[in-house]
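So the structure is just underneath, and the comments pick up after that.
Please treat every number below as a calculation from the coordinates, not as lab data. Please read all numbers here as calculations on a predicted model, not as lab measurements. Backbone-built Cβ (ideal geometry, glycine too); neighbour counts: all protein chains shown.
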Amino acid sequence: MALLTGGKPTRGKPKMSKQTLQQYAVMGNPVEHSLSPKIHATFAQQTGEQLQYQATLVANDKFAEAVTQFFADGGKGLNVTVPFKEQAFALAQVRDQRASAAKAVNTLWLDADGRINGSNTDGLGLLKDLTQNHQLELTRKNILVLGAGGAVRGVLKELLGQQPTQLIISNRTAEKAQTLAAEFQHLGPITAHAFAEIPSLDFDLVVNGTSASLHGKVPAISGDLLKGAFCYDMMYGSNAKIFLDWALQNGASAVTDGLGMLVEQAAEAFNIWRDVRPNTTVIIDQLR
Ligand code: ATR
């Protein structure tokens, strides 16, 4: 239900000035190319929620200050992007299980007691994109995840929750993959291997969670591992192209970028803040 500032339930379509609209934002650095304002504006329009959402560039050493000020000014909810997700985790006074597993937070809001709450909707975003938008079944499947940075940490809980036969995590710096596998092994069958030592299973799903594409590279793994696999890059648009092209050249059964994940993680955040679930298919199609 839409609420006017001040908490009175609305009936019909209220006329509101900009000042009275509830405020939401994404904080990051850089943030100017973020699609989040457009996505959330579309969600708001679609669901009839009255809110304003903007992108806020925050100096690298001013994140905590900016968050505190945002909520002190009456702001309702924040998304957090690079490079602040770990700081947002540290700042959150209450963390849900997803935030705790990821040790990173991409969604903040205040609870009734005025405490800053944090969640991480990235994992659920990836999962919804894979299983609902792409209709993939992950249970009893072989999954290969490339990378061991924050992006990968944020999705392991949800992937393991699908009970794959095996989830292999591999990273250029192999020790980082080993550390993550040890940390998540209580949630399911996860093992770590160096790039050159990935077992040649028939992988059903390969997720690229590295930032290699940003350097014009693909992870240095054997292309044979991609044959017949559904290959997913957690980046979107031109940043995903190099990996997805390479995957197709190596016989991937299908490829997709992470645009769907971006929209789905936004929808999860919107649902936390407004208790209403937007239709994601429409906006994914629009953005494509
Ligand atoms: P993010 O939060 O996006 O995950 P990150 O924590 O800096 O960012 O992690 C980047 C990931 O991309 C790491 O797994 C990194 O591998 P290393 O741990 O060995 O640094 C990976 N990565 C970056 N450039 C890469 C490249 N050229 N080839 C393979 N992996 C790369």
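Results, tabulated for the structure shown:
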read-out	value
Rel. contact order, % - alpha carbon contacts under 8 angstrom, at least six apart, the stretch 148-288	16 percent
Separation of alpha-carbon centers, the stretch 194-241 and the stretch 52-87, rounded to whole Å	32 Å
Net dipole in debye of the stretch 123-257 [+1 Lys, Arg Cβ; -1 Asp, Glu Cβ; about Cα centre; nearest 20]	160 debye
Interchain or long-range residues, amide H under 5 Å from LEU35's placed H	none
Per-residue ³J(HN,Hα) for the stretch 84-98, Karplus 6.51 cos²θ - 1.76 cosθ + 1.60, θ = phi - 60°, Hz, x for Gly and Pro	9, 5, 6, 5, 5, 4, 5, 6, 5, 7, 10, 10, 7, 4, 5
Options GLY123, ALA247, ALA196, ranked by Cα towards positive dipole end of the stretch 123-257, top entry (Cβ charges)	GLY123
Under the Karplus curve 6.51 cos²θ - 1.76 cosθ + 1.60, θ = phi - 60°, whole-Hz ³J(HN,Hα) for the stretch 48-62, x wherever Gly or Pro sits	x, 7, 9, 7, 10, 10, 9, 8, 10, 7, 10, 4, 4, 9, 10
Stokes-Einstein D (µm²/s) once Rh is taken as the Kirkwood radius of the chain over alpha-carbon pairs, at 10 °C in 1.306 mPa s	81 µm²/s
Cα gyration tensor shape of the stretch 123-257, rounded if a/c is under 1.5, else prolate or oblate by comparing a/b with b/c	rounded
Assigned charges on the beta-carbon of Lys, Arg, Asp, Glu; the chain dipole about Cα centre (debye)	740 debye
Angle in degrees between helix 238-249 and the longest Cα principal axis of the chain, rounded to the nearest 10	30 degrees
At 0.890 mPa s and 25 °C, Stokes diffusion of the stretch 55-203 via Kirkwood alpha-carbon radius, µm² per second	148 µm²/s
